[in-house]
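In what follows, a single structure is set out as structure tokens and then discussed.
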Amino acid sequence: MAPGMDSGASSARRSRSGSPDLIASNAGTALPYATRSALHLKGLVPSGVEDFSAQESRALEQLHAKSTNLEKYIFLSWLRTTNIHLFYRLVLHNLKEIAPVIYTPTVGQACQEYSHIYPFLAPPNAVDGLYIPLTEVDNIDEIIENYRESIAEGDEPEITVITDGSRILGLGDLGMNGMGIPVGKLQLY
């Protein structure tokens with residue numbers, strides 16, 4: 001989409017725990033055996049049960065193995081959409097190191113390359129925001145309804161950041177590539 005064609009809105013969620021696979025993704029290998037049984041997840045996730053500190057240590061090791069801040073941004077974006085509890089634990093315990101990766105200055109580069117890295121930021125069907133091109137403004141009710149259907153019941157957004165994609169960090173009009181800005185802000189709010 002050409003610059004200036006899209007506006008984006010991204011919404012924070014209290015949790016992504018509406019279905020068994022999403023509940024599991026919020027705990028990863030910290031999900032207790034009893035919960036795995038109740039959700040019929042035995043054999044579908046690794047059998048070991050770890051605490052969050054072990055997961056955090058391993059995730060930090062993975063983060064440090066990335067050679068560029070953009071690679072770290074991609075890794076952290078994936079982590080946020082697959083294990084939100086671990087993501088925020090990592091951010092809170094390493095804010096000074098991680099804040100420049102998930103927001104400025106790295107988010108500027110991420111926005112410039114957003115259309116190239118987008119497929120690697122989250123699993124399919126993980127919704128980070130709404131893309132509303134000018135050509136679809138008349139269909140905004142349908143777009144919002146699609147969003148509502150994509151989130152679990154009870155996971156209504158508590159905060160929304162909206163951008164038109166213009167004047168992003170002095171980089172000019174980035175159109176839909178500016179989605180990294182509202183997502184980055186919400187990660188820090």
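The values are calculated or read from the model by the stated rules, or taken from the named source; none is laboratory data. Nothing here was measured: the structure is a model prediction, and the numbers come from that model. Here the Cβ is made from the backbone with ideal geometry for all residues, glycine too, and neighbour counts use every protein chain on show. Ligands, DNA and RNA are excluded from the accessible area calculation, which covers all protein heavy atoms including side chains. Shrake-Rupley method; radii C 1.70, N 1.55, O 1.52, S 1.80 Å.
The set of residues in segment 124-141 being surrounded by 12 or more Cβ atoms within 10 Å (Cβ to Cβ) and under 16 Å from I84 (Cβ atoms) consists of A126, V127, D128, G129. Residue pairs whose Cβ atoms lie under 7 Å apart, sitting 6 or more positions apart in sequence or on different chains, and linking a residue in segment 26-41 that is surrounded by fewer than 16 Cβ atoms within 10 Å (Cβ to Cβ) to a partner that is not in a loop (DSSP other than H, G, I, E, B), are H40/P20. Among the residues that make up segment 110-117, is at least one of them in contact with a helix residue (DSSP H, G or I) (Cβ under 8 Å, 6 or more places away or on another chain) and open to solvent by 70 Å² or more (accessible area, probe 1.4 Å)? So far as segment 110-117 goes, yes, one or more of its residues are in contact with a helix residue (DSSP H, G or I) (Cβ under 8 Å, 6 or more places away or on another chain) and open to solvent by 70 Å² or more (accessible area, probe 1.4 Å). Listed by first and then second residue, the pairs linking a residue in segment 120-138 that is closer than 24 Å to E71 by Cβ to a residue that is at pLDDT below 85 and part of a strand (DSSP E or B), with Cβ atoms under 8 Å apart and 6 or more places separating them unless they lie on different chains, are D128/S10; G129/G8; G129/A9; G129/S10; G129/S11. For first residues located in segment 142-162 and farther than 11 Å from V127 by Cβ, partners that are in a strand (DSSP E or B) and open to solvent by 50 Å² or more (accessible area, probe 1.4 Å) and lie 6+ apart or on another chain with Cβ distances below 9 Å form the pairs I143/Y131.
Under the condition of being part of a helix (DSSP H, G or I), open to solvent by 10 Å² or more (accessible area, probe 1.4 Å) and not basic (K, R), the residues counted in segment 87-100 number 7. Among the criteria (1) at pLDDT 90 or above; (2) under 17 Å from the mean Cα position of the chain (by Cα), the one D138 does not fulfil is (2). Residues that are among the small types (G, A, S) and in a helix (DSSP H, G or I) were ranked within segment 55-83; the one that is nearest to the chain's Cα centre (by Cα) is S77. Selection of segment 142-189 for residues being assigned to a loop (DSSP other than H, G, I, E, B) and open to solvent by less than 40 Å² (accessible area, probe 1.4 Å) yields I151, A152, G154, D155, G165, G172, L174. Close contacts from segment 54-71, counting a first residue that is surrounded by 14 or more Cβ atoms within 10 Å (Cβ to Cβ) and a second that is assigned to a helix (DSSP H, G or I) and of a type in the set (G, A, S), with Cβ to Cβ under 6 Å and a gap of 6+ residues or different chains, come to Q55/G28.
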